Every structure is written in C-alpha cells, then in structure tokens.
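For reference, the structure is listed below as structure tokens.
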Amino acid sequence: MQVYLVGGYVRDRLLAQQGHPVAPGDRDWVVVGATPEMMTQRGFKPVGKDFPVFLHPQTHEEYALARTERKIARGYHGFEMYTSPDVTLEEDLRRRDLTINAIAMTEQGHIIDPYHGQDDLQKAQLRHVSDAFVEDPVRILRVARFCAKFPHFRIAPETLHLMQEMVQSGEADALVPERIWAELKKGLQQAHPSAMVSALQACGLWEKLFPGLNASEPMLEGLCRFIPYVMLPLEAKVALLFLASPSLEALDNYVATIRIPSKESDFAHLFWKLWHTPPAYEVTALSDYFQRTDVLRKPERFDTLITLAKGLSGSSFFSQLHDAAQSWKSIDIAAVRARTSPDQMGLAIIEERKHALSQFLSLPPSESN
C-alpha cells in the first residue's frame, strides 16, 4: 500500500516555492494498492458516498482509494468508477482535470509528475490532462474558477478549444444549477473574478447561461477595480456580477437560472434598482424607498448597498441617501405612541418619519451631511 499527497496542496506548495503568494490548503491523499477492508482494519473511517474515501484516525485528513472512471452517460453524474488495488497512481492522476492538479508527492517529499504539471506551472498555463476532460462539463467552470484564483495563468489553446467544443456540442447543457452556482460562488470569492467571467465568455458558456448579459462595463470594471473587493460580502459580489443586466426582469431570470439563494439574489435586485433607477431625492420617494428596502430591520444590508454604490460611482448622492435614512429612522417611537391611539400608530409613525425627513432635506448641504 502506497500513500501520496495529491491535488491542490501539491500544486500550491510548488507555486509557493516559485515565489507566488499562495498558501497550501488542506491536504488530500490517494492510496494505491489498498482495499476498503484494508483501510478500515487500519482504523480509517469511511465517508465516501460515490467512491471509497476515508478519514485518517488521528489527523482526520481525507484518503481516497486510487480509481479510474468510465463515461457511461451525458453530464457529470454519468460515470462508472472503478477502484481496485491494481489501479496505478498514473491512472488515478490521468482522470484529473488539469496537469497542475495531477501532480503527486510522496510522504518523503518526492514529486511524481507523469503529465508535466510542473512545466505548466512554470509556463503559467492551465492545460487539460487528457481528452477525458470533455466528459465532465463541471471542468469548464473549474478552469474558469482557476483563472480567478491564478489571474497570471492562461488557458492552453487546446484546452480552450475543448471547452468550446463542450459548449457547442451540448455537453455543457448537462450542468445543473447547483453546481454552476457552487463554482461561480468560489470564483467570486477570489481576488480576480473578472478573469473567471472572461474565461466563460471565451468558451461560450457565459452567453449560454446568461443570454444578453454584457459582461464588459461596468460589471467587469467593478469586479476588478473596486478597492475593498475581497472584503465585500458575497451578496455584493453577486450584485456586481449582474450589474450590467439589460433589465430587472432579465436579472431575475439570470439568478433563477442557477438558483442563487435569496439573500444574494434579493441584494442583486435591490442594487440593480438603486444603480439604474435611484429614488428621487424628495420626502415621499425616499420614505417609500426606505420602507421597500427594509432599512429598519436590515440596516447592514442597506449600508452595504450604499457602500457599493459610493465605491463604484464616487457620487455624493449615495452619502446623502445614507444620511437621509438615518434621519428617517431617528424618530422617537415612544413619543409617537404616547400621543397616538393604537389603531392609528402605523400611519402616525410613517408621518413622523416623513416629517423628520422633510426637516433633514430642508437643511443646507453643509448641515445635512
């Protein structure tokens, strides 16, 4: 039985040795020459559903038995997996997506690189391991996500050609919304998500997923230049992704296509409206806007909307909008309750908020900011 480190840990360790600012993450292991019974006898706990994966009894790191795959149906579920003690390390590595992810390392630190992943690390190139790449459409999304993670890398021409063929042939149509969202989410969390979008455009998958969404300006600009981008919450990044939607209806169709969760999709909806159809700067319009955006119960969401808009535009309007909201919220509820009958309370509070807002708007700009 032989054990090897594989995948992202090995890749990132080699990149770090080259001077790139990456920190190796969790360690994944592949086991050659073993059976499930041999693993459990050594105290490993089985956790894999689709194929044998085990947790180490002390470190709790994942150990997967070496395996091969055979395509039996369209889509990323259409595989028959084979695990056996006679599956070699080279056979296991051959089923992986990119050469830079198909490098193994022994426990003593010796590198095993049958598909020349180290050369591609030196060339900053994302290249597929074998033609089996076309059998799994999720790999299109993974390559695009790696572009966001490693923006100095470029997709090898032959790999991009395969990605384009997968889109054109309909293989990518087997992608399910949950997997699309999962990969986009990971890419959005990287520092250069615009590179992911560009990769999806280049292979044709972007237009298939989001027809009519012009992924250029201001969306790409916002994704790559917004200074505190990496510190933004996920919902703000999703809003930037769909900022160039041609209409609110189109945006709602996009987020529904890949089933983006409500927290992120609601924020994208609100930000699109704020950016493209901001409220008039007068009492009734502002009061209605603060109610619709639920400023009272979700002040942090409103603050993020304003922060994002200010960062993209630099306009003082959004600072004024924020200050107006603070004025609208600042009324003395107890005082209103003391002088109002219960059946009139809701209307009285709204009128009091409007009155406070009216006073705020009547102040000279130097006093109202």
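A few notes on this one:
- Scanning the stretch 1-17 for residues that are touching a helix residue (DSSP H, G or I) at 6+ places or on another chain (Cβ under 7 Å) and open to solvent by 40 Å² or more (accessible area, probe 1.4 Å) yields a single hit, Met1.
- For the stretch 106-145, a residue qualifies if it is closer than 21 Å to Ala191 by Cβ and either touching a His at 6+ places or on another chain (Cβ under 6 Å) or open to solvent by less than 10 Å² (accessible area, probe 1.4 Å) (or both), and the qualifying residues are Leu121, Ala124, Leu126, Leu141, Val143, Ala144.
- Scanning the stretch 148-158 for residues that are modelled with pLDDT of 95 or more and open to solvent by 10 Å² or more (accessible area, probe 1.4 Å) gives Arg154, Ile155, Pro157, Glu158.
- Inclusion of Ala191 among residues that are within 14 Å of the chain's Cα centre (by Cα), surrounded by fewer than 19 Cβ atoms within 10 Å (Cβ to Cβ), among the hydrophobic types (A, V, I, L, M, F, W, C) and more than 22 Å from Ala250 (Cα to Cα) is warranted.
- Residue selected from the stretch 276-299 under the condition among the polar types (S, T, N, Q) and open to solvent by less than 60 Å² (accessible area, probe 1.4 Å), by the criterion nearest to Asp266 (Cα to Cα): Thr293
- Top-ranked residue of the stretch 314-339 - restricted to ones that are among the polar types (S, T, N, Q) and surrounded by 12 or more Cβ atoms within 10 Å (Cβ to Cβ), ranked as nearest to Thr304 (Cα to Cα): Ser319
The values are calculated or read from the model by the stated rules, or taken from the named source; none is laboratory data. Bear in mind that the values here come from a model prediction, so they are computed numbers and not experimental data. In this analysis, Cβ positions are derived from the backbone assuming ideal geometry, glycine residues included, and neighbour counts consider all displayed protein chains. For accessibility, only protein heavy atoms count, side chains too; no ligands or nucleic acids. Shrake-Rupley method; radii C 1.70, N 1.55, O 1.52, S 1.80 Å.
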